[in-house]
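Notes follow the structure.
The values are calculated or read from the model by the stated rules, or taken from the named source; none is laboratory data. Because the structure is a prediction, the values reported are computed rather than measured. Glycine gets a Cβ as well: all are built from the backbone with ideal geometry, and neighbour counts include every protein chain shown. Keep in mind that these areas ignore ligands, DNA and RNA; they rest on the heavy atoms of the full protein, side chains included. Shrake-Rupley method; radii C 1.70, N 1.55, O 1.52, S 1.80 Å.
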Amino acid sequence: MEITQKKSVQELLAESDKLIEEGKRFLVSEGKVLDLSDWITLQEYTKRHNLKSTMVVSNWIARGIVPPENVFVVDELNGIKLILNKKYKE
């Protein structure tokens with residue numbers, strides 16, 4: 001009986017660790033769930049798309065080139081902006 005209980009606890013811990021690792025990819029804020037493999041910071045977007053500075057992306061956001069639904073501000077992280085990682089302008 002004791003061996004079965006130990007195994008069950010070990011299995012539960014392993015399953016919990018797996019779920020925690022999967023959960024690290026997601027951010028839950030204001031009732032929205034964001035997959036962090038799709039949403040990146042403006043700085044990371046600038047690097048990935050070979051742009052001169054984050055101001056380029058900020059200007060795109062201000063001018064509506066990046067739709068509002070593709071920008072998310074995380075107030076809990078000092079207002080950091082995340083952008084959906086896709087090509088907005090050639």
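Quick one: with all protein chains in place, what share of the accessible area of region 26-84 is carbon or sulfur, to the nearest percent (1.4 Å probe)?
Whole-percent figure for carbon plus sulfur exposure: 54.
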Less than 13 Å Cβ to Cβ from V66, Lys/Arg counted +1 and Asp/Glu -1: what total charge do the surrounding residues give?
+4
Computed over region 26-84, the distribution of all Cα-Cα distances in 10 Å bins, rounded to whole %, is 23, 56, 21, 1
